[in-house]
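Asks: Submitted below is the structure of interest, expressed as structure tokens.
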Amino acid sequence: MEVKLFIDKVFEKAKEMNLNEFEIYYTFSESNSIKVFKGTLDSYSDNQNQGISFRTKVGDKMGYSYTESLEEEEILPLIEGAIENGKVIENEDIVDIYGEKREYVPVESYNPDLDKITTEEKIEFLLAAEKAALDYDARVKSVNYCLFGSGKSERRIKNSKGLDLHDIGNYAYSYLAVVVEEDGVVKNDSDYVVSREFKDFNPEKLGENAAKKALKKLGAINGETKVLPVVISNEAFSDLLEAMSGIFSAENIQKGISKFKGKIGEKVAFEKFNLIDNPHLKDGYGSASFDSEGVPTEYKELIKDGILQGYLYNLKTAKKDGVKTTGNGAKGGYKGTMGISPFNLYVENGNKSFEEMVSSVKDGVLIDSFAGLHSGLNGISGDFSLASEGYIIKDGKIDKPLNQITVAGNFFQLLLDIEEIAGDLKFNLSGVGSPSILVKELNIAS
């Protein structure tokens, strides 16, 4: 059955059964990925997923149910399943269905031209990128990962309080990793691009950038174990920030597992540090007009001039704290339970260039990647000890590359110890962004 017709029939049946508060949430997603290896197509995958969840108030509780089938005979079991589920829920939290009349900021998250890019064009791009990397330097021995991924997603939310919303978005990205070798020493690195415009995918630039980054690591030396000023690259700090983003969730605040609990209005970072969640960011990976509860999204300054401004809320956590939701309700698809997530989380650019920031460091280290963020970082205490790669900074210039080092510190202290922020904001593949930053000191171990 066509989606809109199925939703309308569920709506009609719920009214016939005298349900007062209910909501239908539909998602559709499709994704495909293409890999090439040694000049030929290595793999191709194409996946589609769709489903509908239904929730309804049963007394003070909210019952949930879902189905992947859009056949008419699934409608009654879908509704009855939610009612039965609501009767046995033991959680005492009160969950509401949203129905306020508010304006929604239009967001352009879909480029129809992107869906017209053919498989042949994607393969041609990948083969050109692989060739560019291999041709760049004889020391580039292989391209061990050359991928183009793209996808499209669609959401519909309709409820008994008059909400009837729909959006659609798409995306594309490419990732290329190379292996280089000199005198028996092997190093690797990668580069990526994310955009909704195929013209932004330059195969030569992607291949050459990955090769350049890997080649710079050749001739690495062992570092010393000491406490030093550290420049953390935009890509590396974006990954660290992503791993710690749960500290802004009101749910974690209420559970007492975020150290930012009770810190609103207090200094928590460098005075020029501004952290934004902007769901309306032009070309933002996570941009959206409404969240998974149908609440209008809004621009938020989580940290302004180093001062903590607030947390991210969905309807349930907002009700607990007696505040308005920030429109950050998030579901991992139609089967998911309601959680909290930022949309486009990023640190604002500073005023100095990357080169100017590095020039201020007489003796330090540049970190350009972290490894083991899920094992070497404690998301509650903020303590970390992470395998890293980088370079010596000597007399204001990037010097020799370093063999793997370990960087240790505490994320919350790191925020306070930032001394400068560059103007080279870059987003990672998950839509979290940051410029490069200079930190007063961290523990470096060879």
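Asks: Along each of the three principal axes of the Cα atoms of the stretch 196-352, give the extent in whole Å, ordering the values from largest to smallest.
Replies: For the stretch 196-352, the Cα spread along each principal axis is 58, 44, 32 Å.
Asks: I would also like to ask the following. Points 7 angstrom from Cα along the Cβ direction at Asn32 and Asp8: gap in nanometres?
Replies: Between Asn32 and Asp8, the label points sit 3.1 nm apart.
Asks: Follow-up. How much space per residue, in cubic angstrom, does the convex hull of the C-alpha atoms of the stretch 9-77 take up?
Replies: Working: hull volume 6.8 nm³, N = 69.
Residue-normalised Cα hull volume stands at 98 Å³.
Asks: Among Tyr173, Ile75, Leu163, pick out the residue whose Cα is farthest towards the positive end of the charge dipole of the stretch 74-180, where Lys and Arg carry +1 and Asp and Glu carry -1 on C-beta, about the Cα centre.
Replies: Tyr173
Asks: Under the rule of at least 5 residues apart or a separate chain, name every residue whose amide H is placed under 5 Å from the amide H of Asp383.
Replies: Answer set, sorted by chain and number: Asn378, Phe411.
Asks: Taking 32 Å as the cut-off for C-alpha to C-alpha distance, list the pairs among Lys267/Lys362; Lys131/Lys300; Lys217/Lys304 that go past it.
Replies: Cα-Cα > 32 Å for Lys131/Lys300; Lys217/Lys304; rest within.
Asks: Go through the stretch 51-95 and name the GluC sites (Glu not before Pro) that are in a DSSP coil and have 16 or fewer other Cβ atoms within 10 Å of their Cβ. The partial results should precede the final answer.
Replies: On the way: sites: Glu68, Glu71, Glu72, Glu73, Glu74, Glu80, Glu84, Glu90, Glu92; in loops: Glu68, Glu71, Glu90, Glu92.
Sites meeting the loop and neighbour criteria: Glu68, Glu71, Glu90, Glu92.
Asks: Now, a different point. What's the Cα-based Rg to Rh of the stretch 111-193, Rh via Kirkwood?
Replies: Numbers: Rg = 19.8 Å, Rh = 15.7 Å.
Result for the stretch 111-193 is an Rg/Rh of 1.26.
Asks: Okay, next question. As an exercise, identify the GluC sites (Glu not before Pro) in the stretch 198-269 lying in DSSP coil whose Cβ has no more than 14 other Cβ atoms within 10 Å. Walk me through the intermediate numbers first.
Replies: Working: sites: Glu204, Glu208, Glu224, Glu235, Glu242, Glu251, Glu266; in loops: Glu224, Glu266.
Qualifying residues, ordered by number: Glu224, Glu266.
Asks: What FRET efficiency would be calculated for the residue pair Asn351, Tyr104, taking the C-beta separation as r and a Förster radius of 35 Å, to the nearest 0.05?
Replies: Numbers: r = 34 Å, r/R0 = 0.97.
FRET efficiency, Asn351 to Tyr104: 0.55.
Asks: Just the accessible area per residue of the chain, please: how many Å² with a 1.4 Å probe? List each step's numbers first, then the result.
Replies: Working: 20760 Å² over 446 residues.
In whole numbers, the chain has 47 Å² accessible per residue.
Asks: Now for a different question. Step through the residues of the stretch 12-23 one at a time and calculate ³J(HN,Hα) from phi using the Karplus curve (6.51 cos²θ - 1.76 cosθ + 1.60, θ = phi - 60°), rounding each to whole Hz and writing x for Gly and Pro.
Replies: Computed from phi, the couplings for the stretch 12-23 are 4, 5, 5, 5, 4, 8, 6, 7, 8, 10, 7, 8 Hz.
Asks: While we're on this one: What's the carbon and sulfur percent of the stretch 323-446's accessible surface, probe 1.4 angstrom, rounded to a whole number? Write out the running numbers ahead of the final one.
Replies: Working: 2500 of 5240 Å².
After summing per-atom areas, the C and S share lands at 48 percent.
Asks: Taking R0 as 56 Å, what FRET efficiency do you get between Lys199 and Glu73 from their Cβ-Cβ distance, rounded to the nearest 0.05?
Replies: Details: r = 47 Å, r/R0 = 0.84.
Efficiency computed from Cβ-Cβ geometry: 0.75.
Asks: Hey, another quick one. Regarding the stretch 69-142, what are the three Cα extents along the principal axes, ordered largest first, in Å?
Replies: Largest to smallest, the principal-axis extents are 68, 32, 32 Å.
Asks: Any chance you could tell me what percent of the C-alpha pair distances in the stretch 133-277 go past 17 Å? All intermediate terms of the calculation are to be shown ahead of the outcome.
Replies: Values: 8023 of 10440 pairs.
The proportion of pairs with Cα distances above 17 Å equals 77 percent.
Asks: Short version: ³J(HN,Hα) in whole Hz for each residue of the stretch 325-333, in order, from phi by Karplus 6.51 cos²θ - 1.76 cosθ + 1.60 (θ = phi - 60°), x for Gly and Pro, what are they?
Replies: 4, 8, x, 10, x, 9, 10, x, x
Asks: If the convex hull of the alpha-carbon atoms of the chain is projected onto planes in all directions, what is the mean projected area in square nanometres? Don't jump to the answer; show the numbers that get you there.
Replies: On the way: hull surface 91.5 nm².
Quarter of the Cα hull surface area: 22.9 nm².
Asks: Now a separate question. Once the dipole of the stretch 156-277 is set up with Lys and Arg at +1 and Asp and Glu at -1 on Cβ about the Cα centre, which of Gly219, Asn188, Ala250 lies farthest towards its positive end?
Replies: Ranked along the dipole, the leading option is Ala250.
Asks: Shifting gears a bit: Can you tally the net charge around Val432? Count Lys and Arg as +1, Asp and Glu as -1, for every other residue whose Cβ sits under 13 Å from the Cβ of Val432. Could you put the intermediate results ahead of the total?
Replies: Details: positive: Lys426; negative: Glu235, Asp239, Glu242, Asp277.
Summing Lys and Arg as +1 and Asp and Glu as -1 gives -3.
Asks: About the Cα centre, and with charges only on the beta carbon of Lys, Arg (+1) and Asp, Glu (-1), how big is the dipole of the stretch 2-145? Nearest 20 debye, please.
Replies: On the way: 17 positive and 32 negative charges, 108 e Å.
Charge dipole of the stretch 2-145: 520 debye, to the nearest 20.
Asks: Using r as the Cβ-Cβ distance of Met1 and Leu127, and R0 as 41 Å, what FRET efficiency do you calculate, to the nearest 0.05? Walk me through the intermediate numbers first.
Replies: Values: r = 42 Å, r/R0 = 1.02.
FRET efficiency, Met1 to Leu127: 0.45.
Asks: How are the Cα pair distances of the stretch 42-183 distributed, in percent, across 10 Å bins from 0?
Replies: 9, 23, 22, 18, 15, 10, 3, 0
Asks: What is the Å³ per residue value for the convex hull set by the Cα atoms of the stretch 185-249?
Replies: On the way: hull volume 9.5 nm³, N = 65.
Expressed per residue, the convex hull around the Cα atoms of the stretch 185-249 is 146 Å³.
Asks: Tell me which residues come under 5 Å, amide H to amide H, from Asn403 once H is placed; ignore anything under 5 positions away on its chain.
Replies: For Asn403, the qualifying residues are Ile221, Asn222, Gly223.
Asks: Modelled label-to-label distance, Asp93 and Ile257, 7 Å Cα→beta-carbon offset: nm?
Replies: Each label point lies 7 Å from its Cα, and together they span 1.2 nm.
Asks: Ratio of alpha-carbon Rg to the 2.2 N^0.38 Å globular estimate for the stretch 292-446, to two decimals, please.
Replies: Working: Rg = 18.5 Å, N = 155, 2.2 N^0.38 = 15.0 Å.
Expressed relative to 2.2 N^0.38 Å, the Cα Rg reads 1.24.
Asks: Within the stretch 29-122, list the trypsin sites (Lys or Arg not before Pro) lying in a DSSP loop whose Cβ has at most 13 other Cβ atoms in a 10 Å radius.
Replies: Values: sites: Lys35, Lys38, Arg55, Lys57, Lys61, Lys87, Lys101, Arg102, Lys116, Lys122; in loops: Lys38, Lys101, Arg102.
Of the trypsin sites (Lys or Arg not before Pro), the ones in loops of the stretch 29-122 whose Cβ has at most 13 other Cβ atoms within 10 Å are Lys38, Lys101, Arg102.
Asks: The stretch 378-446: Rg/Rh from Cα coordinates, Kirkwood Rh?
Replies: Values: Rg = 13.3 Å, Rh = 13.7 Å.
Answer for the stretch 378-446: 0.97.
Asks: Still on this structure, I have one more. Of Leu308, Gly59, Asn234, whose Cα points farthest to the positive end of the dipole of the chain (charges on the beta-carbon: +1 Lys, Arg; -1 Asp, Glu; origin at the Cα centre)?
Replies: In the chain, that residue is Leu308.
The values are calculated or read from the model by the stated rules, or taken from the named source; none is laboratory data. Quantities reported herein were computed from a predicted structural model and do not represent experimental measurements. Please note: Cβ atoms are built from the backbone with ideal geometry, for glycine as well, and neighbour counts cover all protein chains shown. Side chains included, ligands, DNA and RNA excluded: accessible areas come from the protein's heavy atoms. Shrake-Rupley method; radii C 1.70, N 1.55, O 1.52, S 1.80 Å.
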